[in-house]
Structure formats: structure tokens, C-alpha cells
Amino acid sequence: KVIGSNSNPDDSNKHDAALRPKLLKEVIGQRKVAERLEIAVRASKKLNEPLGHILFDGPPGLGKTTFATVLPNELGTSIQLTSGPALSKPADLLPFLTNLDEGSVLFIDEIHRMPRIVEEFIYPAMEDFRIDIVLGEGMSARTISMNLKRFTLIGATTRSGMLSGPMRDRFKMHEHLEFYSVEELATIVRVNAAKLNTPITPEAAHELARRSRGTPRVANSRLHWTRNYSAAEHDGPITEPIARAALDMAEVDRDGLDKNDRKYLETLIDLYAGGPTGVEALAATINLASDTLADEIEPYLLREQYITRSPRGRVAMPRAYIALGKLASKPKTE
Ligand code: ATP
């Protein structure tokens with residue numbers, strides 16, 4: 001059985017849409033990215049041209065969809081949303097392309113998972129706002145060209161390295177989203193608690209932020225869980241002790257690592273003697289998809305230096321031994 005990353009009691013994404021910022025000025029953190037996008041939006045309005053195609057990359061939950069939905073609000077245009085895996089053949093793209101409004105946004109999540117044949121179909125749409133449709137088969141096949149409304153393609157990917165060179169080159173802007181600081185996440189927690197009419201003390205917001213893996217979506221789900229816990233067990237605002245108890249109960253440890261993070265580190269340390277070991281072997285042992293490991297678990301563990309990558313695989317760092325209380329075994333630092 002593959003245990004999904006949403007098997008934790010605190011993982012509920014259904015309120016995400018309600019909490020999503022609507023305008024660039026409501027977006028917290030990612031200042032450099034937001035500033036560049038603001039310039040692009042202003043230029044697009046002034047020059048009366050559609051925004052150039054934009055590619056967002058970075059680990060899940062850092063705001064790629066948020067930025068994609070904020071831009072059409074800023075431009076006063078519409079957005080259509082789809083994803084790479086949903087587009088198995090060129091015909092799957094047609095309804096989106098024919099529904100475009102002038103200057104509107106087409107958002108393709110997980111764009112690295114779009115098949116090559118669809119990718120090639122989209123190139124003329126990106127370059128010349130035109131598509132070539134083949135009618136009929138064999139000898140009688142003919143190609144007709146169809147003009148499209150001028151639009152903006154926004155792609156999101158957790159793996160920009162898996163995108164083909166030609167596809168990548170067709171995006172005018174490449175924006176990489178980084179993990180958030182504790183202060184930025186604390187602001188997001190406070191703003192979103194207010195949107196949910198949930199009083200929270202600044203100390204409690206800080207505690208949730210500290211234990212949210214640098215990720216706004218995780219902060220949102222920790223907030224939802226803590227809100228439920230607080231409503232069931234207490235009256236009044238969410239305080240720091242309540243936040244702490246709620247997260248302890250959700251098995252989020254004091255460093256903010258969840259069950260899957262700890263299982264990853266424990267496996268690496270106990271079964272593979274701290275590594276180096278390949279991601280496939282780890283994934284098979286933990287019973288999680290290797291994509292889940294590479295996309296959702298490892299980026300944060302790498303950035304916080306719990307693990308490192310060597311040519312021969314993943315290696316546990318001293319911080320991982322400390323976090324798991326395994327200081328007795330000699331840390332291996334390759
Ligand atoms: P995925 O790649 O899986 O689509 P994502 O990176 O697009 O994930 P979002 O869905 O945009 O992540 O973000 C998740 C939630 O986090 C949003 O609904 C919003 O509440 C919050 N959020 C993300 N980024 C920000 C931000 N910069 N400021 C405030 N809230 C944010």
C-alpha cells in the first residue's frame with residue numbers, strides 16, 4: 001500500500017482556495033518574484049500586450065498556483081486550469097485553447113508530465129498564437145492552421161529539470177519559489193487565522209510557523225488541525241501551549257518534521273547505516289512512491305541539512321541523528 005502524503009490528521013487542503021491571496025500585494029514573502037511579476041503586469045497593461053509566458057518551479061505548496069491565479073486578477077482577465085497528466089493527447093488541449101479570451105491565462109500544473117506530442121502541439125500556440133490541426137489520416141490527411149486569441153501560458157513544475165529544453169526556452173520568465181522564513185509563515189498563519197475568524201496569539205502563530213516545513217500549504221493544514229483541536233478542547237484564542245499540544249498530537253515533532261520525514265530519516269540511518277543510498281531503495285523500504293520522496297520529502301530535508309546528496313546517493317547529516325535522538329551512534333559525515 002502506498003501511503004499518500006495526505007495521510008496525516010492535519011492534512012486538509014480543501015480550504016486552500018478560500019485562503020489564497022487574490023492580489024499580488026496580498027502575497028506574503030517571495031518579494032523578488034512578486035516585484036518582477038508586478039513590473040510584468042504593469043508593462044502588459046501599458047503596452048496592451050498579453051503577459052509573456054511564465055514558468056514557476058519549486059517544491060509543492062509554495063505558491064505556484066497562488067501566483068498563477070493572482071495574475072489574471074491583476075490583469076482583469078480569466079484563467080483556465082489544467083495539468084500535465086490530464087493532457088494525454090493534443091485534442092485534450094483544444095477546448096482550453098478555443099475557450100481563451102484575449103490576454104487570458106492558461107495554467108498547466110505539473111507541466112513536466114505533459115507528453116511530448118502535446119508539448120510539440122503547444123509550441124506554435126506559445127510562439128504565434130496558432131495551432132496546426134491534422135484532419136483525416138494517411139494520404140488524405142491535411143493540416144489546417146487555426147489562429148488563437150493572444151494568451152499567457154503559465155506552467156508550474158516541481159521538476160524543472162524534467163522539462164525539455166525547447167519547452168523551457170519558450171517561457172519568457174522563469175521564477176523559482178523558495179521555502180519561506182518562519183517570520184513570513186507566521187504572518188501567513190496570522191492572516192489566514194483572521195480569515196477563518198480564529199483568534200490566535202502571535203506566539204502560537206510563531207509556533208505553527210516554526211513547525212510547518214517552510215511551506216505555506218503545510219502551515220494552512222497545521223492551522224486547520226490546531227483550530228479543530230482548540231475548538232474541541234478549549235475556549236478562547238489559540239495559545240502557544242494549545243498549538244504545541246495540537247501539533248504533538250498530530251505527530252509533528254518539535255522541529256516540524258512529520259511522520260513521513262521521520263520514517264525517511266530513520267530508514268536511512270537504521271537500515272542503510274546513514275547512507276549513501278539511492279532514492280529508489282529508500283522509497284521501496286518506506287513504501288512511498290519515489291516521486292513523493294523526491295518532490296515532497298527531500299527538498300526540505302536537504303535545505304535544512306538533515307540529509308545531503310552524494311554521487312552514490314542520500315546521506316544522513318548530523319542534524320538528522322540529533323533530531324531522532326540517535327546521538328549515541330556515531331554520525332557519518334561523508
Ligand atoms: P502546487 O505546486 O501543489 O500547486 P503550490 O506551490 O501551487 O502547490 P499553492 O496551492 O499556491 O501552492 O499554495 C497553497 C496555499 O498556501 C494557498 O492556498 C495559500 O493559502 C497559501 N499561500 C501560498 N503562498 C502564499 C503566499 N505567498 N502568501 C500567502 N499565502 C500563501
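The values are calculated or read from the model by the stated rules, or taken from the named source; none is laboratory data. All values reported here derive from a predicted model rather than from experimental measurement. With ideal geometry, Cβ positions are generated from the backbone for all residues, glycine too; neighbour counts draw on all protein chains shown. Areas reflect the complete protein model, heavy atoms only, side chains present, ligands, DNA and RNA absent. Shrake-Rupley method; radii C 1.70, N 1.55, O 1.52, S 1.80 Å.
Structural remarks
- Selection within the range 258-275 - open to solvent by 30 Å² or more (accessible area, probe 1.4 Å), aliphatic (A, V, I, L, M) and not in a loop (DSSP other than H, G, I, E, B): 271
Listed here are the residues, each with its yes/no results for (1) touching a helix residue (DSSP H, G or I) at 6+ places or on another chain (Cβ under 8 Å); (2) closer than 30 Å to residue 203 by Cβ; (3) open to solvent by less than 30 Å² (accessible area, probe 1.4 Å).
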site	(1), (2), (3)
233	yes, yes, no
237	yes, yes, no
245	yes, yes, no
256	yes, yes, yes
277	yes, no, yes
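- Residues within the range 38-61 that are within 8 Å of the ligand (Cβ to nearest atom) and touching a Pro at 6+ places or on another chain (Cβ under 7 Å), tallied: 2
- Any chance residue 209 is closer than 24 Å to residue 63 by Cα, in contact with a strand residue (DSSP E or B) (Cβ under 6 Å, 6 or more places away or on another chain) and open to solvent by less than 80 Å² (accessible area, probe 1.4 Å): no
- Each residue in the range 278-293 was checked for being free of Cβ contacts under 8 Å to residues at least 60 places away in the same chain and under 26 Å from residue 57 (Cβ atoms), and 9 pass.
- Condition check for residue 39: modelled with pLDDT of 95 or more, more than 22 Å from the chain's Cα centre (by Cα) and closer than 30 Å to residue 187 by Cβ: yes
- Being in contact (Cβ under 8 Å) with a residue 60 or more places away in the chain, of a type outside the set (D, E, K, R) and more than 30 Å from residue 191 (Cβ to Cβ) is a description that applies to residue 50.
- At least 3 residues being within 16 Å of the ligand (Cβ to nearest atom) and farther than 27 Å from residue 108 by Cα is the threshold, and among the helices (runs of 4 or more DSSP H) wholly inside the range 142-239 those reaching it are 182-195, 202-210, 216-233.
- Among the candidates 144, 154, residue that is at pLDDT 95 or above and β-branched (Val, Ile, Thr): 154
- Among the conditions (1) farther than 18 Å from residue 214 by Cβ; (2) in contact with a Leu (Cβ under 6 Å, 6 or more places away or on another chain); (3) in a helix (DSSP H, G or I), the only one that residue 320 does not satisfy is (1).
- The one condition in (1) in contact with an Asp or Glu (Cβ under 9 Å, 6 or more places away or on another chain); (2) in contact (Cβ under 8 Å) with a residue 24 or more places away in the chain that residue 153 fails to fulfil: (1)
- If the condition is being open to solvent by less than 30 Å² (accessible area, probe 1.4 Å) and either closer than 25 Å to residue 224 by Cβ or in contact with a strand residue (DSSP E or B) (Cβ under 6 Å, 6 or more places away or on another chain) (or both), then the range 25-47 contributes 27, 29, 30, 33.
- Top-ranked residue of the range 15-24 - restricted to ones that are charged (D, E, K, R) and within 8 Å of the ligand (Cβ to nearest atom), ranked as least open to solvent (accessible area, probe 1.4 Å): 16
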